[in-house]
Amino acid sequence: MPAVALVLGTLFGSLIDLNRPGHYIHWGFVQMSYANLLVIVLMIVVFLAAILIPFKSHKGDGR
Amino acid sequence: MTIVDPKTERPDQADLDKAADRPEDADQWTAKIRTAAVDALPPQKLLPDRQPAYVASWIYVFGVATVAALIVVIGTGLVLAVFGPNWWHVSPTGLFVNSLHLWSVEVFMFSMVIHLWGKFFMAAWRGKRKATWITGVVSFLVTVGAAFTGYLSQQNFDSQWISTQAKDGINSTGAGAIFNVTNFGQMIMWHIVLLPLCIVVIVGIHVLMVRLRGVVTPFPAKGESPGGDSGTPVATGAEVRA
C-alpha cells in the first residue's frame, strides 16, 4: 500500500471505524445511523455558514 | 412573435430578418420556433456576465455546485459503464473511479438539499417561478430513485441485501408488479438509461427556467417598499460579475 494511502487510512480509520457494524440511534419509530445523522448535522452547519459568511465579490464591481 | 408596423400594417423588417434568412420563409415552423427561442432566451440572458447584487452570497453557490457534481456523476458513470463490474470491484483504478462516482453523488445530494433549503426560505416560487420550483422538486424525487437503483446496481452482496430488503416495501405500494427491485437487468437499465435521462432533461429545463425568470429577489427589509416581495427583479442597477 502506498505510504500516503497508509497514512490517510490510519488517520481516518482512527476517527471513523468502518470495520464494525454501524451504530444507530432509536427515537420512537425513527431509526437512523450515526453516519446519516452526521451528514444531516453537516448540512445544517454548511447551510448556516453559507448564510452567515460574507461572500467576497469580484474587484471592480463598483458596489 | 411578429411585430407589425402600425403605419404600414406590414411586419417589421427587422423582425422578419430575425425570424428567417428570407422573408418568404418567416411563416415556417423552424423560423417561428427559432424566433420564439431567441425572444425568450437571447444569448446574453442565457449565459449572462452579470447577476443582481443580492446573488453575491454563498447560498447561491449550491445550485451550480449541484450541477457541477452531476457532471462528475455522469462522467464517472460513463467510465464505469465502459469497463464493467470486474474492473470497478477489483482494479485499483476501477475502485478509485467507483469511489469518485459514490462521492460525487454524495456531494450532489448534499448540495441539492442545501440549495433546496435556501430556495424554500427565500420562497423562490415567487414572481412566476412556480415551474422552476416544481422542476426542482421533481428532479429531487427522480434523483432519489436514481440513487436507490444505483445501490441495486453495484453487483455485490450489498446490492443483493438491499434489493431483498427493499422488495417488500416496493411490493406494499403495488409497484412491484412493474418495478421489480430483485430484477438486476431492469434496475441497471433504470439506473444508467431512464433515470439519468430524466434527470438531465429536468435539470436542463430547471436551469433554463432560472435563466428565463432570473434569480428570485430577497424579501424586502422591514419598512422597505414591497417591490421585491413579488419576486420580480427590482431595477436597482446594482449588479455583480457572474
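What follows is calculated from the coordinates using simple rules that are stated; it is not laboratory data. For clarity, every value in this text was computed on a predicted model and none was experimentally measured. Note that we place each Cβ from the backbone using ideal geometry, even for glycine, and neighbour counts take in every protein chain shown.
Annotation for A:HIS26 and B:LYS128: the two label points, set 7 Å from Cα along the Cα-Cβ direction, are 5.6 nm apart. Maximal additional length on extending the B:PHE121-B:ILE178 stretch stands at 16.8 nm, based on 0.36 nm per residue less the C-alpha distance. For A:ALA35, the shell of other residues with beta-carbons less than 14 Å away shows a net charge of -1, using +1 for Lys and Arg and -1 for Asp and Glu. Seen from all sides and averaged, what is the projected area of the convex hull of the Cα atoms in the range B:123-217, in nm²? Hull-based average projected area comes out at 7.2 nm².
Restriction of the chymotrypsin sites (Phe, Trp or Tyr not before Pro) in the range A:4-56 to DSSP coil positions whose beta-carbon has at most 16 other beta-carbons within 10 angstrom yields A:PHE29, A:PHE55.
Cβ-Cβ distance of A:TYR34 and B:GLN44, R₀ of 51 Å, FRET efficiency by 1/(1 + (r/R0)^6): the value works out to about 0.55. The Rg/Rh ratio of the range B:66-121, with both radii computed over alpha carbons and Rh defined as the Kirkwood radius, is 1.14.
When the C-alpha to C-alpha distance is required to be over 26 Å, the pairs from B:LYS128/B:LYS222; A:LYS56/B:LYS119; A:LYS56/B:LYS128; B:LYS32/B:LYS119 that qualify are A:LYS56/B:LYS128; B:LYS32/B:LYS119.
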